[in-house]
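This report refers to the structure that appears directly beneath it.
The values are calculated or read from the model by the stated rules, or taken from the named source; none is laboratory data. Everything numeric here is computed off the predicted structure, so don't read it as measured data. FYI the Cβ positions are ideal-geometry reconstructions off the backbone, even for glycines, and counts take in every protein chain you see.
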Amino acid sequence: MIITKKALPRRTFLKGMQATLALPLLDAMIPAATALANTAASPTPRLSYVFMPMGTDIARWTPQGGEILGELPPVLSPLEKVKDHVSVVTNLELQNSYPGTHDTSNSGFLSAAFAKHTESSDYHLGTTADQIAAKAIGQDTQLPSLEMSMDLNPLAGVCNNGYACVYTNNLSWSSPTTPLPSEAHPRIVFERLFGEGGSQAERRAALRSRASLLDSFHEDIARLKRLVGVGDGARIDQYLDSVREIERQIQLAEAAAEENLEGRDFDRPVGVPARFADHAALMFDLQLLAYQTDLTRVSTYMMAREISGRTYPEIGVPDSHHPTSHHRNDPELYEKITKINEFHTTLFGYYLDKLASTPDGDGSLLDQVMILYGSGMSNSNLHNIQDLPILLAGGGAGQLRSGSIIHGRCP
């Protein structure tokens, strides 16, 4: 690492053997960046899309009232702590997903485009909103965008209603014919953020050869902390603790997988935490680090894909998600699908809470990010594509109004 002045560039990296460590925004970076056109003193916008599959009971999602977000309905109740950073949008429709299937719900969520009905490789959709944003705000970062998910194994062939599985597997498309695969393995995402040079196998070997990624940077970290103020030193320590904890969780999951090869869940990649909540939180933590260090400004995250057969015994729902979502107005199934929806919202709330507690410039990361959370269908029993469950979170670098109900209008 070479630092020639106390006012650090925003893109200061510590470099080790086949590893890099990007830094969060520090006060010491602001004077240097202010002298440039791209000022670090100005808020840096980030954009995130989080997808929940197979809709919800819209009556238990939609808050009552006018334009002020008051009492939260059951599905959104886990967001009470961060309610002032959230707005609910009502009455939206995916017109081009008509008449509505799981495939078109998944594919239309960020494209709002018509999915060509095909069982072959001549699929055609549209460029998704995240990729349009990546071209505008992601070209100056190491990763123009980051695509993540919870499901490792892509479905093959034809998934549903004569649609190729590509529509269900992918949320993000860089062109109408180019889907972008998402990554579900925390270790691989970690390597993308912090590995450098050589092949993937070489980067992985280099990272695993140490007890911690941070072993490569002790001297540089100590030198950096001597150059910055007390506040920046505390911010660096907090950031390094987060990196160390994420790495520790990945290592624990990998060790557990090696010890328990018999009876392993083959729907989950080796080395992923056994509990869904732990896996989801770890992926959210990695996304936060990517934003905090400005490695990317655009991301997508699939909590699960449409027609997911995942079960949730940890919340008392051992039933498969997809069949449960076809509740047939059965009160018992309604309760189970609501439990799943609340569980997903709880995990999303964990992410918002961590963003809110992570400093960035004069505010928090939650102040700078704009997050769209929701689904491409409402009542999955009927595959409804009207009155979608959608909410916005964050401050959007001063551009987003929060704590409100935004009543949309279907054409």
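With respect to PHE276, is the statement that it is under 20 Å from LEU152 (Cβ atoms), among the aromatic types (Phe, Trp, Tyr) and modelled with pLDDT of 65 or more true? In short, yes. The set of residues from the stretch 138-162 being touching a Leu at 6+ places or on another chain (Cβ under 7 Å) and more than 15 Å from TYR301 (Cβ to Cβ) comprises THR141, GLN142.
Number of residues in the stretch 288-310 that are over 16 Å from MET52 (Cβ atoms) and either small (Gly, Ala, Ser) or touching a Ser or Thr at 6+ places or on another chain (Cβ under 7 Å) (or both) equals 9. Residues in the stretch 117-134 that are among the charged types (D, E, K, R) and at pLDDT below 95 were compared, and the one that is surrounded by the fewest Cβ atoms within 10 Å (Cβ to Cβ) is ASP122. Sort through ILE371, ILE405 and tell me the only one that's within 17 Å of LEU79 (Cα to Cα), touching a Gly at 6+ places or on another chain (Cβ under 6 Å) and among the β-branched types (Val, Ile, Thr). Residue meeting the stated conditions: ILE371. Filtered by the rule that a residue be more than 19 Å from TYR373 (Cβ to Cβ), surrounded by fewer than 17 Cβ atoms within 10 Å (Cβ to Cβ) and either at pLDDT 90 or above or of a type in the set (D, E, K, R) (or both), the stretch 89-113 gives GLN95, ASN96. The set of residues in the stretch 284-330 that are more than 14 Å from VAL369 (Cβ to Cβ) and among the small types (Gly, Ala, Ser) comprises ALA304, SER308, GLY309, GLY316, SER320, SER325.
When you go through (1) out of contact with any helix residue (DSSP H, G or I) (no Cβ under 7 Å at 6 or more places or on another chain); (2) over 23 Å from TYR373 (Cβ atoms) one by one for GLY138, which number turns out not to apply? Condition not satisfied by GLY138: (2). Summed over the stretch 344-389, residues that are charged (D, E, K, R) and within 24 Å of PRO323 (Cβ to Cβ) total 1. Please work out which residue is farthest from the chain's Cα centre (by Cα), limiting yourself to the stretch 120-148 and to residues that are closer than 12 Å to ALA290 by Cβ and of a type in the set (Gly, Ala, Ser). Only one residue fits best here, namely GLY138. Applying the condition of being surrounded by fewer than 17 Cβ atoms within 10 Å (Cβ to Cβ), modelled with pLDDT of 50 or more and small (Gly, Ala, Ser) to the stretch 243-268 and asking which residue is farthest from GLU191 (Cα to Cα) yields ALA256.
Over 17 Å from THR300 (Cα atoms), in contact (Cβ under 8 Å) with a residue 60 or more places away in the chain, in contact with an Asp or Glu (Cβ under 6 Å, 6 or more places away or on another chain) and among the aliphatic types (A, V, I, L, M): is that true of VAL89 in this structure? When the stated conditions are applied, VAL89 does not pass them. Counting only strands (runs of 3 or more DSSP E) that sit wholly inside the stretch 1-88, those with at least 2 residues that are at pLDDT 95 or above, buried (at least 21 other Cβ atoms within 10 Å of the Cβ) and of a type outside the set (Val, Ile, Thr) are 46-51.
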